[in-house]
Ligand code: SF4
Ligand code: SF4
């Protein structure tokens, strides 16, 4: 079945607006950019009747899938979609196939790591482990620590029903995000269920494993639709998971099911905004200053910055909201040895801006943005839901 992207290929007027917004173009002049790799390469491929886009194959692997080109295009073309499809056509030729598979399946390592976190965290720091990973083409940088999930949920009944989908990062590396989300939703009278963890498919897609991503999308959509038809809203706290459920599934499995899912997925703060919930704590002074980094995949959802808006209203006096910069990590991109220097070069203006702002901490909704910002600045980074939950503790509502 054709989707909107297939039809809008000819809407590309070659204006190059997307090219000017691509962070890889800005930091790696040999990268042909979204216009050439996206609509132009696809047109060429179709005109020649080729199965694979052989002309500029290696460059495709440098697209981070940040979506900035899609956001920039004034004609509704999505260059990143063609990049993703053509990357998948080339995956069989990749010299880094094994390494990419390992990184794409972080859910497997997360499941093991969060069961025996002490052992796995120790092993990941071990010089021999790092050497083996280096030989496999994995960058020499810290991996996030694994943690065990110990979540308290009341399971109270209510008309407002939410299925909370936390995604891999919160599930395996920062379960505090899960607890904070449940605490807030329950405090404002939502009935919450926690979706059992299954990767949304973002890392699999970004690594060119499109057939596998399609299978995951079909399976996940089936599970979500059962809940939606029982009156649940699907809530996410990860920008990339949210974008994948809302937008990518409509690209890779176009049809009524993915369209129905898209209508029922909410970023947590988007939902609080919609429900006009403005939590407030009269007993607590506002946080003086913080820096909010807007993840590229939140921008691509087209919902503005609901977390930053709420925190600015209720919890942080001086919140610097910055949406110009990409942090550069792009999921697994910044963990690849040959791409690590590009990832760090992309993130450099953001790192400098954060350091110049002299803030005690940074806030962002994306787990991998957090890792990259901490790596590039050594400034602590927190998820907005954790900030909000901690701010609301001991408030008059007595709900926390
Ligand atoms: S994809 Fe959009 S922004 Fe890029 S060249 Fe074509 S019309 Fe311009
Ligand atoms: S998705 Fe990002 S990295 Fe890839 S071409 Fe578009 S702007 Fe460039």
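Check whether at least one residue in region 114-123 is part of a loop (DSSP other than H, G, I, E, B), surrounded by 17 or more Cβ atoms within 10 Å (Cβ to Cβ) and touching a residue at least 40 places away in the same chain (Cβ under 8 Å), and report yes or no. I'd like the intermediate steps shown before the answer.
As a first pass, look at region 114-123 and keep what is part of a loop (DSSP other than H, G, I, E, B): 114-116.
Then drop every residue that is not surrounded by 17 or more Cβ atoms within 10 Å (Cβ to Cβ), which leaves 114.
Okay, now just the ones that are also touching a residue at least 40 places away in the same chain (Cβ under 8 Å), so 114.
Within region 114-123, one or more residues are part of a loop (DSSP other than H, G, I, E, B), surrounded by 17 or more Cβ atoms within 10 Å (Cβ to Cβ) and touching a residue at least 40 places away in the same chain (Cβ under 8 Å).
Which one is nearest to residue 71 (Cα to Cα) among residues in region 20-31 that are more than 8 Å from ligand 2 (Cβ to nearest atom) and in contact (Cβ under 8 Å) with a residue 24 or more places away in the chain?
So the first thing to find is which residues in region 20-31 are more than 8 Å from ligand 2 (Cβ to nearest atom), and the list is 20, 26-30.
So of that shortlist, the ones also in contact (Cβ under 8 Å) with a residue 24 or more places away in the chain come out as 20, 26-28, 30.
Values: 20: 12, 26: 17, 27: 19, 28: 21, 30: 22 Å.
Within region 20-31, the match that is nearest to residue 71 (Cα to Cα) is 20.
With the condition kept exactly as written, say whether any residue in region 54-65 is in a helix (DSSP H, G or I), within 21 Å of the chain's Cα centre (by Cα), at pLDDT 80 or above and more than 12 Å from ligand 1 (Cβ to nearest atom).
Going through region 54-65, the residues in a helix (DSSP H, G or I) turn out to be 57-60.
Checking the rest, the ones that are also within 21 Å of the chain's Cα centre (by Cα) come to 60.
Now restrict to residues that are at pLDDT 80 or above: 60.
Keeping just the survivors that are more than 12 Å from ligand 1 (Cβ to nearest atom) gives 60.
There is at least one residue in region 54-65 that is in a helix (DSSP H, G or I), within 21 Å of the chain's Cα centre (by Cα), at pLDDT 80 or above and more than 12 Å from ligand 1 (Cβ to nearest atom).
Please specify each residue of region 144-169 satisfying the condition of being on the phi > 0 side of the Ramachandran plot and in a loop (DSSP other than H, G, I, E, B). If you could, list the steps in order and put the result at the bottom.
Filtering region 144-169 down to residues on the phi > 0 side of the Ramachandran plot leaves 155, 167.
Residue satisfying the conditions is 155 alone.
Of the numbered conditions (1) near ligand 2 (Cβ under 10 Å from one of its atoms); (2) at pLDDT below 75, residue 96 satisfies every one except a single condition; which is it?
Unmet condition: (1).
Residues are listed down the side, and each one gets a yes or a no for (1) away from ligand 1 (no atom under 16 Å from the Cβ); (2) modelled with pLDDT under 90; (3) touching a helix residue (DSSP H, G or I) at 6+ places or on another chain (Cβ under 6 Å); (4) farther than 21 Å from residue 208 by Cα:
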residue: 8; (1), (2), (3), (4): no, yes, no, yes
residue: 41; (1), (2), (3), (4): no, yes, no, no
residue: 76; (1), (2), (3), (4): no, no, yes, yes
residue: 86; (1), (2), (3), (4): no, yes, yes, no
residue: 113; (1), (2), (3), (4): yes, no, yes, yes
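Among the strands (runs of 3 or more DSSP E) lying completely within region 192-307, list those that include at least 3 residues that are modelled with pLDDT under 95 and closer than 23 Å to residue 60 by Cα.
On the way: elements: 232-236, 265-267, 287-293.
Result: empty, no element qualifies.
So which of 342, 363, 387 ends up being closer than 26 Å to residue 272 by Cα and surrounded by fewer than 24 Cβ atoms within 10 Å (Cβ to Cβ)?
Numbers: 342 fails: closer than 26 Å to residue 272 by Cα; 363 fails: surrounded by fewer than 24 Cβ atoms within 10 Å (Cβ to Cβ).
Only one candidate qualifies: 387.
The values are calculated or read from the model by the stated rules, or taken from the named source; none is laboratory data. Note that the structure is a prediction, hence the values are computed from the model and not measured. Because the Cβ atoms are built from the backbone with ideal geometry, glycine has one as well, and the counts that use them run over all protein chains shown.
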